[in-house]
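*Asks:* Below is the structure I would like to discuss, written out as structure tokens.
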Amino acid sequence: MYNPSHLSLEEKIAQAFSPAAFIHESDQHVREIERLIVEQKIGGLTFFHSKRSAAANYDRKTEFVKLESTLSRLQELIQHYQSLARTPLLINMDAEWGLAMRVEDTPAYPFAISLGAVQQNAEQAVFQIGRQMAQDLKGVGIHLNLAPVADINDNPLNPVIGYRSFGAEKNRVSRLALAFYKGMRSEGVAGCYKHFPGHGNTAVDSHLGLPILLQQERELWENELVPFQEGIDAGIGMIMIGTWRSPALTGGSTLPATVSREIITGLLRQRMGFTGVVISDALNMQAVASLYPTKGQLEREAYAAGTDILCYSEHVEAGISAIARDVASSHIEDSFGRVWALKGSLGLFQGCEPQFLNPSDAYSLNRGLAPKILTRVFEKEEGKTLKSARDRRTLLKVNLFGDPDPVFFQKIGATYSGDVLAVRTVEEVEQLKEKAAAYDTLLIACYPPSMRPSLDFGMDETVLEALLPLVAIKQCVLYFFGTPFALKRLRFLPLVQNVLLAYQAEAPFQESAAAVLLGYEKALGKLPLPLEDLIPLPIRS
């Protein structure tokens, strides 16, 4: 039914284009996507929640706004857009921890850094996460998940990778990335290793600026490139090119990897032996888009360098024209062949019916995995400390930055009764100090409101500073429901007697943390990062 020999050269080029499609956007945007499908015959779409949510990557003051009916709207749009396409569209989404990354009220799974903490049957556990996630994606008509992140978390100052990486140890990152990829592929959903040649050891957010990998080539081969090479050797089918410069890999050139033939064709394909599909990172990212003011120029340069799919291109028509004019037909045929083969391998030419989403499957999987993730950072007889304070009625519970009535305190309420003091402001810290005068032990549950280092993880520094004198004179047990990178913002951390790291605040993790505190479960995880990268300097008097 779908015979590629009937496609013109321009139509074959168009198969490389995957512009952004927003779930919540104006009718004008929908009409434009319809036009690109019908007139330009684009090959795919990259779905985002809304322009506002996408802008949050670039404008740190922009907040993500939740909207109702996102899931049903997504399904309607996918079916509508597919009905217009002469050749089935490759539908993709950046869903590193599940549909919930882009779609409200859908299953969320552990972040990569959380999975990196698992010690017991880790690869099997990560495979199951990838598999279940793929079932969710396939159920709404998504063929490609732009995950896993195969970057090594070897720079604690990295502002954009952080919790998205499996950890700091290259071999472990390699194994878990491959397990995640295989889990998705087992359900017929494609994965994508990113961000080649490795984004972990940078200190600039590539959404905002152009990072530079300063390591020498030997260092890159020994570290950053290891997960990618092992993935290639295992047969992965897609790799995303990152947006930064690596002078050691380009002979000193200042070109970003996005448009570097030395990196994409020379290193990735010829030296590392990758034969699959290369996809760009979002071409609207300011770090690279600002370098090419002429419409279509960036698309042409990325394609000519060896990229097969142009993600989030904002100049489709100009890009097709520029590629047709300047790129050899043999190059176009080779690239088109890889994209067409990918579509065939995913069953796009056979058609499939959307399936049913079952969020309870995600809950059960997450709940069973949670105790294997939870990690003891410090442990100094926590049980004795809390039980003794409870029996003496000298235990005070503190909800730091959390929503009202969090699950954790609900679950321990029958055993550890009493009020929970909510603390979000300096004024509430002062109220806490007054209340705490009659208590000698604090059980603090901390819920960082944000995952972003650029926003101080949503934790008000003045509040954290105001807590210092109180923590210094009390026995303190801390349960931390956030990314481990946020721990470094707690200057009082060296004064705390016990710390349990839950990594995230979804209900399964809070329930498991409560079960650990009550002695029903054990925290079996291990930090996937060096402890010294997470702990603030000791406080000096």
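*Asks:* Among the residues of segment 20-34, is any more than 28 Å from the chain's Cα centre (by Cα) and at positive phi?
*Replies:* no
*Asks:* Go through the residues of segment 428-448 one by one and say whether even a single one is polar (S, T, N, Q), assigned by TED's automatic domain parsing to the domain that holds residue 392, closer than 21 Å to residue 527 by Cα and not in a helix (DSSP H, G or I).
*Replies:* No, there is no match, as no residue in segment 428-448 is polar (S, T, N, Q), assigned by TED's automatic domain parsing to the domain that holds residue 392, closer than 21 Å to residue 527 by Cα and not in a helix (DSSP H, G or I).
*Asks:* Being over 13 Å from the mean Cα position of the chain (by Cα), aliphatic (A, V, I, L, M), farther than 30 Å from residue 69 by Cα and surrounded by 22 or more Cβ atoms within 10 Å (Cβ to Cβ) narrows it down to one residue among 177, 150, 117; which is it?
*Replies:* Sole residue among the options that is over 13 Å from the mean Cα position of the chain (by Cα), aliphatic (A, V, I, L, M), farther than 30 Å from residue 69 by Cα and surrounded by 22 or more Cβ atoms within 10 Å (Cβ to Cβ): 117.
*Asks:* Run residue 198 past the list (1) under 21 Å from the mean Cα position of the chain (by Cα); (2) at pLDDT 95 or above; (3) in a loop (DSSP other than H, G, I, E, B) and report the number of the one that doesn't hold.
*Replies:* Checking residue 198 against (1) under 21 Å from the mean Cα position of the chain (by Cα); (2) at pLDDT 95 or above; (3) in a loop (DSSP other than H, G, I, E, B), the one that fails is (2).
*Asks:* In segment 167-195, what count of residues is obtained for those that are in contact with a Phe, Trp or Tyr (Cβ under 6 Å, 6 or more places away or on another chain) and in contact (Cβ under 8 Å) with a residue 60 or more places away in the chain?
*Replies:* Counting residues in segment 167-195 that are in contact with a Phe, Trp or Tyr (Cβ under 6 Å, 6 or more places away or on another chain) and in contact (Cβ under 8 Å) with a residue 60 or more places away in the chain gives 2.
*Asks:* Another question, if that's okay. What tally of residues in segment 510-532 results from selecting those that are over 22 Å from residue 177 (Cα atoms), touching a residue at least 12 places away in the same chain (Cβ under 8 Å) and either of a type outside the set (Gly, Ala, Ser) or crowded, with 21+ Cβ neighbours inside 10 Å (or both)?
*Replies:* 12
*Asks:* Just one of 254, 265, 275 is modelled with pLDDT under 95 and hydroxyl-bearing (Ser, Thr, Tyr); which is it?
*Replies:* Exactly one residue qualifies, and that residue is 254.
*Asks:* Here's something else I'd like to know. Can residue 260 be described as over 21 Å from the mean Cα position of the chain (by Cα), under 23 Å from residue 211 (Cα atoms) and either modelled with pLDDT under 95 or surrounded by fewer than 18 Cβ atoms within 10 Å (Cβ to Cβ) (or both)?
*Replies:* No: the conditions fail for residue 260.
*Asks:* For segment 261-297, name all the residues that are part of a loop (DSSP other than H, G, I, E, B), within 22 Å of residue 324 (Cβ to Cβ) and among the small types (Gly, Ala, Ser).
*Replies:* 296
*Asks:* Right, here's the next one. Could you look through segment 449-495, keep only residues that are of a type in the set (S, T, N, Q) and not in a helix (DSSP H, G or I), and pick out the one that is farthest from the chain's Cα centre (by Cα)?
*Replies:* Looking at the filtered set, the residue picked out is 475.
The values are calculated or read from the model by the stated rules, or taken from the named source; none is laboratory data. None of these values were measured; they are calculated from a predicted model. Note that we place each Cβ from the backbone using ideal geometry, even for glycine, and neighbour counts take in every protein chain shown.
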